[in-house]
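Have a look at the structure below before the remarks.
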Amino acid sequence: MSQKRKVAILISGRGSNMKSLIQAAKNQDYPAEIIGVFSNRADAGGLEYAANEGIQTGVISHKDFDSRESFCEALDSLLEEWGTELICLAGYMRIHSDAFAEKWTGKMLNIHPSLLPSFPGLHVQQQAIDAGVKISGATVHEVIPELDAGPPVLQAAVPVLDSDDADSLAARILKVEHKIYPLALKKFIEQSANDDADAAEQESLIWPQ
Ligand code: GAR
């Protein structure tokens, strides 16, 4: 890929998935560069790591806004200022306004610690244990306005052991999250490039030009 896609990562916490994306993007052949890390929380652990990696960071607290819409407008302005082409949500725990989600549909990925469409929402490892499933996992999916409902890009499965509690299951799932997020972002970018090429080829077949 000649030109790397400009990716902003959105976090709310420790940012271990963010780290795996930052590390993957250091590879010369990786099709994305991480241009910024945003958090809605100034105390998100991942911010310091990103800054130490020389990546610009931004914080806007959702608490300073009286509506979801106005917070998302401020976030959108910052992402535009950065020249963002794609967004990766990595433990970002805010729901977007519909306008934000619609604008970035097709350009925004999320990682979720279950095999969607099973167990959307919160406390998903506990949901899996309560349901008695024997396999769970992680999903990287496109983000659409409906929560945790966009098309999956990549999934990985892990066993759920009888001895598991939510924490032990979360730790097992997190390990595969770190593997699949960089792979999914690469796959997503390469597929979009192919789609663009297919569209251009189809257009060239339209007659008369
Ligand atoms: C990860 O397990 C991620 O899948 C989950 O939060 C954790 C963040 O960890 N995200 C969600 O539950 C989103 N609905 P990290 O900050 O270390 O990447």
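Would you say residue 148 is free of Cβ contacts under 8 Å to residues at least 40 places away in the same chain and closer than 30 Å to residue 80 by Cβ? Against the criterion (free of Cβ contacts under 8 Å to residues at least 40 places away in the same chain and closer than 30 Å to residue 80 by Cβ), residue 148 qualifies.
Which one is nearest to the ligand (Cβ to nearest atom), of the residues in the range 144-159 that are of a type in the set (Val, Ile, Thr) and in contact with a helix residue (DSSP H, G or I) (Cβ under 6 Å, 6 or more places away or on another chain)?
Ranking the qualifying residues of the range 144-159, first place goes to 158.
Scanning the range 176-209 for residues that are touching a strand residue (DSSP E or B) at 6+ places or on another chain (Cβ under 8 Å), within 12 Å of residue 139 (Cα to Cα) and not aliphatic (A, V, I, L, M) yields a count of 3.
Taken as a whole, the condition of being among the polar types (S, T, N, Q), touching a residue at least 12 places away in the same chain (Cβ under 8 Å) and in a loop (DSSP other than H, G, I, E, B) does not apply to residue 136. Restricting attention to the range 116-133, the residues that are within 13 Å of the ligand (Cβ to nearest atom) and either part of a helix (DSSP H, G or I) or surrounded by fewer than 21 Cβ atoms within 10 Å (Cβ to Cβ) (or both) total 9.
Give 90, 166, 101, 170 a once-over and let me know the one that is within 12 Å of the ligand (Cβ to nearest atom), under 13 Å from the mean Cα position of the chain (by Cα) and surrounded by 15 or more Cβ atoms within 10 Å (Cβ to Cβ).
Criteria check complete, one pass: 90.
Taking the criterion of being buried (at least 16 other Cβ atoms within 10 Å of the Cβ) and within 16 Å of the ligand (Cβ to nearest atom), the residues of the range 54-85 that qualify are 55, 57, 62.
Quick note: the coordinates plus some simple rules give every number you see, no bench work behind them. Everything numeric in this text was worked out from a predicted model, so none of it was measured. Because the Cβ atoms are built from the backbone with ideal geometry, glycine has one as well, and the counts that use them run over all protein chains shown.
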